[in-house]
Amino acid sequence: MLLWIQKEKPNGFEIDRSDIRHIIMDMFIAGTTATSALLEWTMTELIRHPEIMKKLKEDIRTHSRPKPNFYVLEEEIENMKYLKAVIKEVLRIHSPAPVLLPRQLKEDIKLKGYDIAAGTQVIINAWAIQRDTATWGSDAEEFKPERHLDSPLNFQGQNFMYIPFGSGRRICPGIGYAMALVEVTLTNLLNRFNWKVEVRKQGDDDQYHLAETIGLEVGRKFPLIASPSSL
Ligand code: HEM
């Protein structure tokens, strides 16, 4: 595809081999772990909340045509409102990239009584913003997809209380690709199988399932080991 774009220039501009190398690097470095972390957090929350898993499966069945192989097509996903709400809620409390790319101030500013000098590097903590009880309410720490059902919030970074893909000119360019990948994979995992995790013999289940890795991209500290069984 990239070689075709280089040859045919469908967008009217040139790309060279170095551009192609960088695009592929972007897709591998920025695109793989965040997407798999989102899928893993989504399965984690669904297994922790069987009633939400049940509602989501109903949403998937209602909006996809029955087929012998249970396969859910990409075009059937558009009207699955509960699916979209579930993924939005996972991105709120388990943002795979919870601190945005650092910014450097071009000029001095005053923000909420603080003087910040030009040249200062500013790091935005989306994790804290998206769990702030002042904007999300006293249940901000709880996993509740319903809060997104009639909400106008989207991923475009226009509303600073919800910025899982960042905002402004450095906003994630992979939103469409990441969402398509996660929606198609998740609907098919759920429509084809029942999922369960082994009951842990010792230790607190939530501390185990919700422990996070430390880093620019945040996934589960301990891998999710879930077993499928036929419906
Ligand atoms: C669930 C999946 C993903 C999440 C949560 C995510 C999140 C983010 C965030 C928060 C940023 C920083 C934005 C900012 O600072 O304003 C970012 C940047 C970026 N993302 Fe993603 N991302 C995801 C998937 C992808 C995919 C699939 C690709 C590529 C195919 C991608 C490519 C990039 C690139 C290249 C940047 C840097 C943009 C720049 O420097 O201007 N991301 N992403």
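The values are calculated or read from the model by the stated rules, or taken from the named source; none is laboratory data. As the structure is a computational prediction, the values presented were derived from the model and not from experiment. Glycine also receives a Cβ, built like all others from the backbone with ideal geometry; neighbour counts cover every protein chain displayed.
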Picking from 137, 119, 113, 166, which residue would you name as being at positive phi and crowded, with 16+ Cβ neighbours inside 10 Å?
-> 166
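For every residue, the table says whether it meets (1) touching a Gly at 6+ places or on another chain (Cβ under 7 Å); (2) within 30 Å of residue 215 (Cα to Cα).
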{"site": "4", "(1), (2)": "no, no"}
{"site": "14", "(1), (2)": "no, no"}
{"site": "24", "(1), (2)": "no, yes"}
{"site": "28", "(1), (2)": "no, yes"}
{"site": "47", "(1), (2)": "no, yes"}
{"site": "59", "(1), (2)": "no, no"}
{"site": "85", "(1), (2)": "no, yes"}
{"site": "88", "(1), (2)": "no, yes"}
{"site": "100", "(1), (2)": "yes, yes"}
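Look at residue 229 and say whether it is among the polar types (S, T, N, Q) and out of contact with any strand residue (DSSP E or B) (no Cβ under 6 Å at 6 or more places or on another chain). Don't jump to the end; show me each part of the working.
Values: among the polar types (S, T, N, Q): yes; out of contact with any strand residue (DSSP E or B) (no Cβ under 6 Å at 6 or more places or on another chain): no.
It is false that residue 229 is among the polar types (S, T, N, Q) and out of contact with any strand residue (DSSP E or B) (no Cβ under 6 Å at 6 or more places or on another chain).
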Could we say that residue 92 is assigned to a loop (DSSP other than H, G, I, E, B) and basic (Lys, Arg) here?
-> no
Considering the stretch 209-231, residues that are surrounded by 11 or more Cβ atoms within 10 Å (Cβ to Cβ) and closer than 19 Å to residue 56 by Cβ, and then whichever is modelled with the lowest pLDDT, we arrive at 209
Across (1) assigned to a helix (DSSP H, G or I); (2) within 20 Å of residue 228 (Cβ to Cβ); (3) away from the ligand (no atom under 16 Å from the Cβ); (4) modelled with pLDDT of 95 or more, residue 47 clears everything bar (4)
Listed by first then second residue, the pairs whose first member lies in the stretch 197-208 and is at pLDDT below 70, whose partner is part of a loop (DSSP other than H, G, I, E, B) and among the small types (Gly, Ala, Ser), with beta carbons under 7 Å and at least 6 positions apart or on separate chains, are none
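Mind checking which residues of the stretch 158-175 are under 24 Å from residue 136 (Cβ atoms) and either free of Cβ contacts under 8 Å to residues at least 60 places away in the same chain or near the ligand (Cβ under 6 Å from one of its atoms) (or both)?
Once the filter is applied, which keeps residues that are under 24 Å from residue 136 (Cβ atoms) and either free of Cβ contacts under 8 Å to residues at least 60 places away in the same chain or near the ligand (Cβ under 6 Å from one of its atoms) (or both), the stretch 158-175 yields 158, 159, 160, 161, 164, 165, 166, 167, 168, 171, 172, 175.
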Can you tell me how many residues in the stretch 1-32 are part of a helix (DSSP H, G or I), more than 30 Å from residue 216 (Cβ to Cβ) and not basic (Lys, Arg)?
-> 4
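Can you tell me which of 178, 134 is part of a helix (DSSP H, G or I) and more than 15 Å from the ligand (Cβ to nearest atom)?
Values: 178 fails: more than 15 Å from the ligand (Cβ to nearest atom).
Criteria check complete, one pass: 134.
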Tell me which of these residue 94 doesn't satisfy, since it passes every other one: (1) at pLDDT 95 or above; (2) out of contact with any Phe, Trp or Tyr (no Cβ under 6 Å at 6 or more places or on another chain).
-> (2)
Residue list for the stretch 1-44, restricted to those being over 30 Å from residue 93 (Cβ atoms) and within 11 Å of the ligand (Cβ to nearest atom) = 22, 23, 24
Got a sec? Which of 29, 24 is farther than 21 Å from residue 144 by Cα and over 20 Å from the mean Cα position of the chain (by Cα)?
-> 24
Can you work out which of the residues in the stretch 50-74 that are part of a loop (DSSP other than H, G, I, E, B) and among the hydrophobic types (A, V, I, L, M, F, W, C) is nearest to residue 228 (Cα to Cα)?
-> 70
Looking at residue 155, is it assigned to a loop (DSSP other than H, G, I, E, B), of a type outside the set (Gly, Ala, Ser) and surrounded by 18 or more Cβ atoms within 10 Å (Cβ to Cβ)?
-> yes
